[in-house]
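Some notes on the structure that comes next.
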C-alpha cells in the first residue's frame, strides 16, 4: 500500500515530537543565558513543561488516533486529579525567592502551631548587667549594621570553624516575619507575627529569654511573601522605633516595652500598602523619625517628632519601595537618601525639601537593596527583576540642588532583595544568588561563585558573612583575586530572607520559624 494512503490513525505523531523538540530547545536557550535572573529562569523552566503537556493533551483530545472513550476517560481523570489536588494540597508561601508556590499537604501542621500568642502581662524581666560576655558584644542599633552600610567594624573573626567551631548559645521558635535583630546593651529587639497580633519583642542576647513583648492587633499577609512584619527595629536614646507590615509606627520604652506614642502612617495618609508590605526600618535623624509611605503616588517620606510622634513634614512625589532611607553627605551636603520606586532621591533632613531625583529602573518592580555610599560622592544602586545596577556621581547644582550623573550601568550585580557592601574599590554582594565581586571604577565583575539563593550578606573585616536562603551561614574571602569559601555553619534549616545581625562576636540569625544565637570564635591576637 502507498504510504500516502495510510489511515490518519497510523501516521506518525509528528505534532507531539515537534512540541517536545521546541520545549527542549527553549530549555536549552534559557539555561544558556548567563545573566538571565534565576527567578525568571525558574518560571520559564516550570512553564515550558506545562505548556508542552497542555499542547500534547489538546492534540490527544482532537487526534483521530484515539477513541472517544479514551479521550473522555482522560478528561475525567484530569478533572479528578485537579479536584483531588485542590482538596489535598495548599499553598504555603513560596519555595524560595523565585516566587514559585510551595505546595504542602493540607493536614500538615502550621509552622507556628503551639507558639504562644498572648503577650506577657507580668513585669518585664531584667538582663544581667554584670555578665562578662557583654565585653564581647557590640551595639547594632538599626538595620544593616551600626552605620546602615552592611559593614561590621571592630570585630575580628577566626575563619577556621573546624578547629574553632561557633558555640550555639540558644535556639527557639519565633513568630513569622522577615525582620532582623537590633542589639543594644545585651538586649535583642525584633518584630514577629503571632496569630492576629504583631509583636515587638525584647530578649536577652545571651539566653534568648523574653524580657518583654508589645502587641498590636495587626496582620499583614501576601501569598508569596507570607505573613508578618518585615522591618527591623531602630533603638535610639532609650526608645525602640518599629514599623509594622501594615504601617504602624511605634515608639516604645526600650526597658519596659511600654508604648510612648504610635502613628498609623498608611491609614492617616490614606495610602495603599505595598504589594509585599511595609519594609522600611525607621531612620532616626536628630529629633526626627523617618519612614516611607505606600503604593499611592505622592509623598514618599514622612517625618515625625521622636519625642511626641507629631508630624513634622512629608515630601516627594513618587511611590515607596522596599529599601530603607539612609543619612549621607553628598557634595558637602547632609541629606537623606532614599531608593524609591521610580528614582533615587535626596532630601533635606530639616525640611524634607527634594534636593535630587535620579530616575532609574522600573517603578512596577520592587527595589529592596540599600544604596551604597562610595568615596568621591558616588552612589551605587542595584536591584533585580531586569533592572541591574548603576553608579552615579553626585555634584552640587543650581539653587542648592544636587545633580546625579551616571558613570556606568550594567547587569553584573542583580541584587533582588539583598544589599551590597564596599571594600577597597570593590563591591561584594549576591548577584542573583551567587556571591560576586564588582570593580567600582569600571563596573566589571571580577568573579561570581557559590550558591546562596535569596540570602543576605555583611562585610566583616576581610571576609563576607553570608546568610544563605536555605539557612546555612558561610564565610568567604572579600578579595578581588577570586572566590574562596572559608567556613560554613548549618545555623537554620528553612527558607531565610532575614538579614543576620553580628553584635560583636554574637551572631543572631532568624527566619519566619526559628531564631538562634551563636558565639563566634575570635581571631587570634598578634
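Just so it is clear, none of the values below were taken in a lab; they were calculated from the coordinates. From a predicted model like this one, the values you see are computed outputs, not experimental measurements. Here the Cβ is made from the backbone with ideal geometry for all residues, glycine too, and neighbour counts use every protein chain on show.
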Nearest 10 degrees is fine. How inclined is helix 68-88 to the longest principal axis of the chain, computing both from alpha carbons? 20 degrees
For residue 95 and residue 329, FRET efficiency with R0 = 51 Å and r from the beta-carbon atoms, rounded to 0.05? 0.75
Take peptides 27-38, 511-522, 178-189, 454-465 and line them up by average Cβ neighbours within 10 Å, highest first, as a rough protection proxy. 178-189, 454-465, 511-522, 27-38
With R₀ set to 45 angstrom, the calculated FRET efficiency between the beta-carbons of residue 147 and residue 449, to the nearest 0.05, is 0.95
For the pair residue 103/residue 393, report the inter-label distance in nm, with labels modelled 7 Å from Cα in the Cβ direction. 5.5 nm
What is the distance, in nm, between label points placed 7 Å from the Cα along the Cα-to-Cβ direction at residue 116 and at residue 481? 5.2 nm
Within region 370-411, list the residues whose amide N lies under 17 Å from a label point set 7 Å along Cα→Cβ of residue 275. 383-388
Degrees, to the nearest 10: 38-62 long Cα axis against longest axis of the chain: 20 degrees
Distance-filtered residues of region 325-365 - backbone nitrogen under 18 Å, label point 7 angstrom along residue 405 Cα→Cβ: 330-333, 356-359
Add -39500 (n - 2.57) for each DSSP H run of 4 or more in the chain, then divide by its residues: what number comes out at 222 nm, to the nearest 500 deg cm²/dmol? -4500 deg cm²/dmol
Once both axes come from the Cα atoms, what is the angle between helix 14-31 and the longest principal axis of the chain, in degrees from 0 to 90, rounded to 10? 20 degrees
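Multiply the residue gap between residue 171 and residue 21 by 0.36 nm, knock off their C-alpha separation, and tell me the result in nm, one decimal place.
Numbers: separation 150, 0.36 × 150 = 54.00 nm, distance 5.04 nm.
Additional length available on full extension: 49.0 nm.
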Cβ-derived FRET efficiency at R0 25 Å, residue 77 paired with residue 45, nearest 0.05: 0.45
